[in-house]
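Just below is one structure, and these are the notes that go with it.
The values are calculated or read from the model by the stated rules, or taken from the named source; none is laboratory data. On a predicted model such as this, the values are computed, not experimentally measured, just so you know. Positions of Cβ are backbone-derived with ideal geometry, glycine not excepted, and every protein chain shown enters the neighbour counts.
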Amino acid sequence: MKKLSNLITIVMIAVTMLQCKKSEATNPATDNSAKTSQKHSEEKENHKHDEKDDLKYVSKEIKVTGDVVTPLTLTVDSLKKMKVVELNDFKIVCQTGLTKDSVESTKGVLLTDILEKAKIA
């Protein structure tokens, strides 16, 4: 169970870091929250993409391998068959602690459910 907890922590850190578009080295002692908030708003407004950009990041399958009893290859169809959970007021936070985006409501399969199915060794 400790391995599962450690793995979930590592995955969540990795996912959080991937959500940041760039590393923002800020010094907490000199951080001006109004200035940071304004900068975040400007970045969000300047972020534009089209469907072609979105297709670059589409995965057809997810593989769970390594120190697991049952390696998995999950497709969109297999994920649809698993228990889907709805999350409300979901915040995407950068490694610097800034909230980069928020989602009112989203649905998906929990990572813990996928890892339980793979049975971490």
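Odds and ends about this structure:
- Test: residue in the range 63-71 that is modelled with pLDDT of 65 or more, closer than 18 Å to Val109 by Cα and within 18 Å of the chain's Cα centre (by Cα): yes
- In this entry, Asp89 passes the filter for residues that are under 16 Å from the mean Cα position of the chain (by Cα) and loosely packed, with under 11 Cβ neighbours inside 10 Å.
- Picking from residues in the range 92-121 that are more than 17 Å from Glu61 (Cα to Cα) and either in a helix (DSSP H, G or I) or polar (S, T, N, Q) (or both), the one that is farthest from the chain's Cα centre (by Cα) is Glu116.
- Long-range neighbours under 6 Å by Cβ, at least six apart or interchain, first residue among the polar types (S, T, N, Q) and in a loop (DSSP other than H, G, I, E, B) within the range 52-66, second at pLDDT 80 or above and surrounded by 10 or more Cβ atoms within 10 Å (Cβ to Cβ): Thr65/Pro71
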